[in-house]
Structure formats: C-alpha cells, structure tokens
Amino acid sequence: SSSSSSSSSSSSSSHSSSSSSSSSSSSSSSSSSVFTPPIISPTFLSVLGGTVSLYIPDLHLLPSCHLTIYHPLTSPYNTSVPLPPPTDFHRSTLHANVSLPPLPAGTYGVNISCANADTQHPASVTYYRETVGEVTPGTVNCDIYRECSAITTIRSPSTTITDTDSISIAFSGPSFLPGAQPPWAEVLQLTVGSYIALRLHFPAPQSNDSPIAVSLAPTTAEVGGPPLSKRTVSLSVPVTVPPPKVLRIEPSIGWSTGGDTVSVEASDIGISSIADLSVSLAGTPITVSEVVFSDSVSTLFTFPLPAQSAGLHILTVATPVTATAGSAPAAVQFLVNNPGVSAVCTLTCSSPLAGTPSPSPASSITLKGFPQGSDVTMTAVVGGAAGVVSRAVYVGGVDVETRIAVNLPPLEPSESLSEHEVWFKVEGGGASALLALTYREPPKVQTAFLSATGSSVIFTFDQATSEGSGAGSACVSYLGADVAADMTLCTWTQPNTLTAVLGPASDVVPGTSVSVLGQHIVSKDLSSGSATDVSVTVQAPLIVEAPSLVILGPATAAPCGSALLTTEGPSGRNVTYTWSAPSLPALAPYLNSLTKSPSALIPASALPPNPTPTEITVFATAPLGGDSATVRHVLTKAPSIEPAVVAITLPPPPT
C-alpha cells in the first residue's frame with residue numbers, strides 16, 4: 001500500500017515522486033523512467049524473420065517485460081515478444097537473443113514495455129526482401145575454349161541497381177587467357193528493386209576443372225537499407241567439353257578411282273602437330289597431307305583420296321586428346337561413286353514415315369551410267385526395304401540418262417527426329433549408285449511457355465510448318481476446346497511458332513496441361529503428313545516482364561465529392577494492384593480491398609483540410625510475380641467556398 005500511495009502522490013507532486021523514487025526500489029519500479037535505447041543487432045532482417053541480439057545497457061528490470069514491434073500505419077502487424085524474466089529488480093543490463101516473427105518489408109519501431117510500468121525504450125528494425133539469384137536452366141552455353149553466356153535472374157535486388165554500371169561482377173574458377181575481356185552484363189529486363197534479368201557474357205574458359213563462380217553485387221549500398229553483403233548473389237556456371245565433331249567435308253562425294261583432295265574441318269580434337277591426327281576411311285588409314293590451321297577449337301586438314309570401292313563409307317578423325325577423354329572419334333559419312341555413274345533425286349525427294357505407296361506421288365530419280373533398258377531396283381542400304389520402281393524412261397542425246405519413278409517403302413526409325421536421311425542403292429545392268437532421300441516426321445511441339453507478361457502461350461515446334469502466314473485465327477483449329485474457348489486469338493508468328501493470346505477468363509498458369517491438335521499442322525514442304533494430337537505442359541517464361549504503370553486523376557477533390565484515380569498500362573489477365581495512402585491509415589481497409597481494381601475512388605471527407613497534400617501510391621503485380629514501379633499521385637482537398645449572402649428586399653406588408 002505504501003507503493004500505491006507513493007505512486008499516487010507522484011502524480012500530484014514532482015518532489016514527492018522524487019522522494020518516493022529514492023526511498024524504495026519497488027516504488028521506483030512502478031514509475032516512468034527514461035533509459036538508454038536498446039541496441040539491436042542486426043538491425044536488418046529478412047521478411048522471413050530471424051533472431052536478433054538485444055542489449056540494453058541501462059535497464060531498471062521490471063516483471064513481465066515484452067519487446068513490441070509495431071508499424072504506425074500497419075497496426076495489423078503489431079506483435080509482442082516476451083523477454084527473459086528478470087533475476088532481480090535492481091538497475092542492470094539486459095543481453096538476450098530474441099526471435100522476431102516474419103513481417104512484410106518495412107521499418108518497424110521496437111519498444112520495451114513491462115507489466116507495471118509504461119517504460120519505453122524506442123529503437124527500430126528494418127525488414128527487407130531477400131535478394132535471390134539463379135541461373136536460368138537451358139540458357140547456359142559455356143563450352144571450353146569458347147566465349148560463352150548465361151541468363152540469370154535476380155529477385156528483390158538492391159534499389160540502387162538501375163543499369164549495368166551499378167552492378168559489380170566478380171568471377172573465378174577455370175583459367176582464362178591473360179588479358180581476356182572481363183565478364184560483362186546485358187540487361188534483358190529490369191524493374192528497380194523487384195526483378196532483374198541479365199545475360200552474362202564470359203571470356204573463353206581454358207579449362208573445365210571447375211565451374212565459373214560469379215558474384216553479382218550492387219556498386220552502392222541502399223540508404224537506410226541492408227549492407228551490400230545482403231544484396232550480393234553468388235552463382236555457378238558449368239563449363240563443358242563438347243564431343244569431337246566433323247564440321248564440314250569438301251567434297252562430300254568422291255570417285256572410286258581416287259585422286260581428289262578432300263578438306264576436313266573438325267572441332268575439339270586438340271592437336272599439337274600433324275602426327276597427332278589419326279584419320280581412316282572405311283577402316284583404312286588415311287595419310288594427312290597438310291594441316292591448314294589448328295587452334296584450341298577446330299582443325300582444318302587435307303588428304304588425297306585413295307582408290308576406294310564405291311559405296312557409303314565412314315570417315316573418322318581421332319587424336320590423343322579424344323583418346324584420353326574417352327570420346328568417340330569425330331565421324332562423318334562419305335560417298336564414293338564409280339566414275340560416270342550417279343543417281344540424283346529431282347522431284348518429291350521427301351516422304352512421310354509411311355512412305356509413298358501408290359497412288360501417292362512417286363519420287364523422280366535421274367540415273368547416269370546405267371545401260372539402256374536394264375531392269376532397275378532400289379533398296380535401302382540399312383534394312384534392305386525396297387522401293388517400287390513404277391516407270392523407267394531412257395533419254396538419249398548429249399546427256400544419256402534414265403529417269404525412273406519410285407514409290408518409297410515405309411520407315412520405322414530407331415529414334416524420333418524431325419527428318420531422317422536414308423541412303424538407297426540403285427542397281428541395274430551391272431551399274432550401281434547411292435543416293436540419299438529424306439523421310440520427314442510430322443511437326444512436334446518442342447516447348448510451351450507463357451510469355452514474359454503471362455498474357456499468351458507460345459508453342460514452338462521442332463521444324464517449320466506449312467502455317468506461318470501471320471494472320472490470326474480461332475484457336476479451336478489448333479488447341480483443345482477446353483482451353484481454346486478462353487483464348488482470343490491464335491497466330492503463327494513464325495513458321496514454327498504458334499502464339500495463343502489468353503482471354504481474361506483463362507486459367508492457364510505454369511503447370512497447366514494443354515491439348516495441341518495436329519490435324520492442320522504439317523511440315524513446310526507438306527511431305528510429313530498431319531501431326532498427332534498431344535498434351536503439353538505450359539512452362540513459366542525464362543524472363544518475367546514487369547508491368548508498366550501510370551496513374552491518372554484530378555489533383556484536387558471537391559469538399560463534398562470524391563476523386564477517381566485510374567491506372568493505365570498493365571494488360572492481360574490476373575493483374576493485381578496494391579493501393580496505399582501512408583498518411584491516411586483510415587483508408588487502408590478500403591484500399592486493401594482493391595486488389596483487382598485498376599481504379600480507386602477517394603472521398604474528400606477522408607482527406608486532410610486544404611492545403612495539406614495527400615500521396616496515393618499504387619503498383620501492379622503481373623500474374624507471374626513481376627512488380628511494376630510504384631507510382632504516386634498527390635491529391636488535395638479543394639478549399640471550401642462560403643455560400644453567397646443574398647439580400648432580398650420585400651415589399652411592405654399588406655395593410
């Protein structure tokens with residue numbers, strides 16, 4: 001009771017408050033005091049929350065103390081965390097680790113309050129969105145000895161990154177040539193503080209013993225923001241060694257009598273001298289006559305073609321490098337014909353996998369060096385399937401030749417490709433020659449990606465189709481009825497690319513399965529036959545494009561009216577809006593309800609008196625997560641106009 005009386009006397013007299021404060025620790029514990037603000041480390045936290053170290057060097061410990069986090073304009077985020085119980089009630093220090101909860105980004109006040117006193121120790125902590133970076137799958141093409149690039153995306157970057165000059169790039173890992181150009185970045189998409197898509201360019205790595213380690217950091221820290229270390233992302237770009245490959249061979253056909261000089265360019269075979277080259281044709285070693293040039297990427301050499309039996313042979317190129325790497329030699333087919341004997345297709349040289357049985361159009365083939373009137377046969381070199389020779393016409397004159405029409409047999413390929421080169425052997429009258437014909441599979445969907453804005457689905461096919469006029473049409477011809485009904489237009493923007501524009505009611509998102517109808521889709525040369533119906537899964541875009549936004553509306557609101565603010569810019573479906581008026585917390589419930597509305601009606605009654613301005617802000621979020629820049633509009637309540645004073649002169653009253 002003495003504590004209670006001391007407390008009440010302190011409310012009426014500062015002298016008695018001071019006396020009671022000095023007379024007993026219990027009485028002073030119940031009075032307001034000013035202490036050193038708490039020290040919080042770190043002062044920046046991820047929006048996911050975390051643990052901070054709390055240190056108060058001058059605290060009069062009180063029972064049931066709590067640390068309270070609050071935001072003056074976002075009271076729903078107020079939260080209270082209990083502190084460890086005191087061990088005594090004497091003036092001392094407090095040092096504790098406190099777990100803070102997840103909160104939206106922003107700066108929050110931190111108070112210390114206790115059950116029987118209103119003691120406050122104001123401080124603050126800032127929550128920020130973590131910066132996250134990744135290398136986009138499928139965009140890396142870093143082969144050893146070649147300049148290369150990779151696309152990377154960064155979410156929630158520092159607000160100080162506005163262009164490539166504000167990004168610092170550090171890299172390490174494999175060896176690079178002395179004096180090589182340092183890596184540089186190309187901006188593909190940038191929304192300040194929200195999203196960045198970059199194409200990173202690297203000099204040619206000279207080894208593949210480790211990936212390229214990349215560190216991206218802003219050159220300038222944010223004022224009042226987290227340190228640079230919290231805005232730095234680390235990435236890893238793998239370096240690969242491609243298999244040896246013959247890039248070109250000239251000529252690709254030789255005569256069985258030999259004598260021609262053949263040039264071959266092969267990549268990734270790595271020679272130090274001509275002696276390192278091991279070349280064979282049909283298993284027979286070939287002597288290389290000259291190395292025209294050689295570097296770490298490719299080698300060009302020549303050799304004289306020896307006499308060789310007519311036929312389709314395999315030319316291989318091996319070196320100590322390919323042997324050490326365990327790679328198969330680089331290989332290419334090489335055709336050897338007898339002098340004066342040849343077979344050339346002149347018309348209908350492509351066929352569907354089903355072949356061209358009669359009455360399908362036959363392939364027209366011109367033969368030279370075949371005796372007049374001889375029976376001619378044509379069979380596949382692999383498998384022996386025979387074509388049906390339906391007509392043979394002998395043509396004399398200067399160029400003696402035989403023209404035959406052949407219906408091709410069906411093909412059952414061992415792997416799925418857009419086209420298959422099949423070699424056939426033509427024989428007749430003791431002469432023979434080889435020729436290659438093409439079997440073409442129907443176009444197949446390779447990828448289905450949402451566009452960068454999420455407003456359309458882009459389907460790419462493995463080959464050019466007969467479509468591609470650029471004119472749009474109804475999607476029902478190409479897509480299943482379940483999704484076509486919610487798509488406004490389908491356009492072949494390229495012969496191998498179909499773009500379907502999504503309507504406002506479409507619910508297509510990454511992971512949605514879409515049926516692609518093949519009836520009207522055939523290869524560009526019309527030889528493949530119709531594609532089959534397939535179901536494909538829509539993927540998220542490689543790069544997300546943030547919406548752009550402007551806000552339109554009056555600068556003033558009539559005292560008894562409202563101001564209509566309208567945004568323009570975002571297009572497509574499922575765009576959400578975040579409206580706010582930081583200085584008008586009473587408007588928060590209304591503005592928070594406008595997530596699907598591009599406009600806001602601000603009542604003048606909610607605005608402060610003229611001439612105090614009010615800032616209304618809004619930003620838009622695309623369905624795939626890209627945020628626009630926040631735009632601002634200043635609104636002021638118009639001054640009230642006093643009603644006019646009217647004097648009315650009345651006639652004298654009646655008598």
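The values are calculated or read from the model by the stated rules, or taken from the named source; none is laboratory data. Please read these numbers as outputs of a predicted model, since none were measured by experiment. Quick reminder, even Gly has a Cβ in these numbers, built from the backbone with ideal geometry, and neighbours come from all protein chains shown. Note: accessible area is taken over every heavy atom of the protein model, side chains too, but ligands, DNA and RNA are not part of it. Shrake-Rupley method; radii C 1.70, N 1.55, O 1.52, S 1.80 Å.
Is the C-alpha gyration tensor of segment 395-484 telling us rounded, prolate or oblate? Criteria: a/c under 1.5 is rounded; beyond that, a/b larger than b/c is prolate, otherwise oblate.
On the way: a/c = 3.75, a/b = 2.73, b/c = 1.38.
Judged from the Cα gyration tensor, segment 395-484 comes out prolate (a/c at least 1.5, a/b above b/c).
In whole Hz and in residue order, list the ³J(HN,Hα) couplings for segment 145-160 that follow from phi through the Karplus curve 6.51 cos²θ - 1.76 cosθ + 1.60, θ = phi - 60°; x for Gly and Pro.
Karplus-based 3J(HN,Hα) across segment 145-160 equals 6, 10, 4, 8, 8, 7, 9, 10, 10, 10, 9, 6, x, 4, 6, 7 Hz.
Short version: ³J(HN,Hα) in whole Hz for each residue of segment 294-310, in order, from phi by Karplus 6.51 cos²θ - 1.76 cosθ + 1.60 (θ = phi - 60°), x for Gly and Pro, what are they?
Running phi through 6.51 cos²θ - 1.76 cosθ + 1.60 with θ = phi - 60° gives 7, 9, 5, 9, 9, 9, 10, 9, 10, 8, x, 6, x, 4, 8, 5, 4 Hz.
In deg cm²/dmol, rounded to 500, what helix-only [θ] at 222 nm does the chain give when every DSSP H run of at least 4 residues adds -39500 (n - 2.57) and the total is split over its residues? Let's see the in-between values first.
On the way: 6 runs with 40 residues, N = 655.
So the helix-based figure for the chain works out to -1500 deg cm²/dmol.
I want the local charge near VAL550. Using Cβ-Cβ distances under 14 Å, sum +1 for each Lys or Arg and -1 for each Asp or Glu among the other residues.
For residues surrounding VAL550, the net value is 0.
How high is the relative contact order of the chain, in percent, with contacts defined as C-alpha pairs under 8 Å that are six or more residues apart? All intermediate terms of the calculation are to be shown ahead of the outcome.
Details: 1596 pairs, mean separation 44.8, N = 655.
Reported relative contact order: 7 percent.
Which one, ALA343, THR164, THR107, projects farthest toward the positive side of the charge dipole computed for the chain from Cβ point charges (K/R +1, D/E -1)?
It is THR107, whose Cα lies furthest towards the positive end.
On a 0 to 90 degree scale, rounded to 10, what angle separates helix 14-23 from the longest Cα axis of the chain?
On a 0 to 90 degree scale, this one is about 70.
For the chain, give the magnitude of the charge dipole about the Cα centre (Cβ charges: +1 Lys/Arg, -1 Asp/Glu; no others), in debye to the nearest 20.
On the way: 20 positive and 40 negative charges, 263 e Å.
I would put it at about 1260 debye.
Contact order normalised by length for segment 294-382, with contacts defined as Cα pairs under 8 Å and 6 or more residues apart; what percent is it? Before the final figure, lay out each step's value.
Working: 74 pairs, mean separation 19.5, N = 89.
Taking the mean separation of contacting Cα pairs over the length of segment 294-382, I get 22 percent.
For the chain, count the residues as N, evaluate 2.2 N^0.38 Å, and divide the Cα radius of gyration by that value, please. Provide the component values of the computation, followed by the final result.
Values: Rg = 39.7 Å, N = 655, 2.2 N^0.38 = 25.9 Å.
My calculation over the Cα atoms of the chain gives 1.54.
In terms of modelled amide H atoms, which long-range or inter-chain residues lie less than 5 Å from the amide H of THR139?
Those lying under 5 Å, H to H, from THR139 are ILE151.
Would you mind putting 581-588, 491-498 in packing order, based on average other-beta-carbon counts within 10 Å, highest first? Walk me through the numbers before you get to the answer.
Values: 581-588: 16.1, 491-498: 18.6.
Listed from highest to lowest mean packing, they are 491-498, 581-588.
Setting aside same-chain residues fewer than 8 positions from LYS230, which aspartates and glutamates have a Cα under 20 Å from its Cα?
GLU130, GLU134, ASP163, ASP165, GLU222
Which lysines does LYS368 reach when only Cα atoms under 22 Å apart count, and residues fewer than 8 places away in its own chain are ignored?
Cα-Cα hits under 22 Å: LYS425.
Below 8 Å between Cα atoms, with a sequence gap of 6+, how large is the relative contact order for segment 302-450 in percent? Please report the intermediate quantities before stating the final value.
Details: 295 pairs, mean separation 35.9, N = 149.
Worked out over segment 302-450, it gives 24 percent.
Amide H to amide H under 5 Å from ALA563: which residues, 5+ apart in sequence or cross-chain, H placed 1.01 Å off N in plane?
Long-range HN contacts for ALA563: ILE602, ALA604.
Using a cut-off of 15 Å between beta-carbons, work out the net charge of the residues near MET487 (Lys and Arg +1, Asp and Glu -1, MET487 not included). Mind showing how you got there, number by number?
On the way: positive: ARG573; negative: ASP482, ASP486, ASP507.
Here the count lands on -2.
Tell me, what HN-Hα J-couplings in whole Hz come from the Karplus equation 6.51 cos²θ - 1.76 cosθ + 1.60 at θ = phi - 60° for each residue of segment 127-143, using x for Gly and Pro?
Karplus values, whole Hz, x for Gly and Pro: 8, 9, 6, 5, 7, 10, x, 8, 7, 5, x, x, 10, 9, 9, 8, 9.
Enter the angle in degrees (range 0 to 90, nearest 10) between the Cα long axis of helix 2-12 and the first principal axis of the Cα atoms of the chain, meaning the one along which they spread out most.
90
For LYS637, which aspartates and glutamates qualify as cross-link partners when the Cα separation must be under 20 Å and same-chain residues fewer than eight apart are set aside?
Cα-Cα hits under 20 Å: GLU615.
Hey, any idea what % of segment 450-523's accessible area is carbon plus sulfur with a 1.4 Å probe? List each step's numbers first, then the result.
Values: 1620 of 2890 Å².
C and S fraction of accessible area: 56 percent.
Scan around LEU435 for amide H atoms under 5 Å from its own, H built in the peptide plane at 1.01 Å from N, and keep only partners 5 or more places away or cross-chain.
Answer set, sorted by chain and number: PHE424, VAL426.
Provide the per residue accessible area, probe 1.4 Å, for segment 513-571, rounded to a whole number of square angstrom.
Details: 2990 Å² over 59 residues.
For segment 513-571, the solvent-accessible area averages 51 Å² per residue.
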